[in-house]
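Peer 1: Can you read through this structure? Questions will come right after.
Coordinate-derived values only; no laboratory data. Because the structure is a prediction, the values reported are computed rather than measured. Neighbour counts are summed over all protein chains in view; Cβ atoms, including those assigned to glycine, are modelled from backbone coordinates with ideal geometry.
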Amino acid sequence: MKTYLKLIFSSEGVKPSKAVDILYGLGFEPQKGEYDMVYKWNDGASVQEAIWFADKVHATLNGLNVLFYMETTD
């Protein structure tokens, strides 16, 4: 299972490199393509765990003026 993350940065917010470093600390890895980062779940995850993880990303990016879009797939 993987969670993909697309980021949208504002010139009024944190530097993109800082946001990537912060998300790297949560276990995300940068990648090329449609999505900017990916989180690879070890043994899959329930819907509740994916929602909890989205809440964690939200709290982590709070105040940084970064918008994000997440998608979790099998």
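Peer 1: Hey, could you grab the Kirkwood Rh for the chain? Inverse mean 1/r over distinct alpha carbon pairs, Å, one decimal.
Peer 2: Values: mean 1/r = 0.0799 Å⁻¹.
The Cα-based Kirkwood calculation yields 12.5 Å.
Peer 1: Could you list the residues of segment 50-74 with an amide nitrogen less than 17 Å from a label point located 7 Å from the Cα of S11 in the Cα-to-C-beta direction?
Peer 2: Of the residues in segment 50-74, 65-67 have backbone N under 17 Å from the label point off S11.
Peer 1: First select every other residue whose beta carbon is under 12 angstrom from the beta carbon of Y35; then total the charges, Lys and Arg +1, Asp and Glu -1. Walk me through the numbers before you get to the answer.
Peer 2: On the way: positive: K2, K6, K32; negative: E29, E34, D36, E71.
Residues near Y35 contribute -1 overall.
Peer 1: Excluding residues on the same chain fewer than 8 positions from K2, give the lysines whose Cα lies under 19 Å from its Cα.
Peer 2: K32, K40, K56
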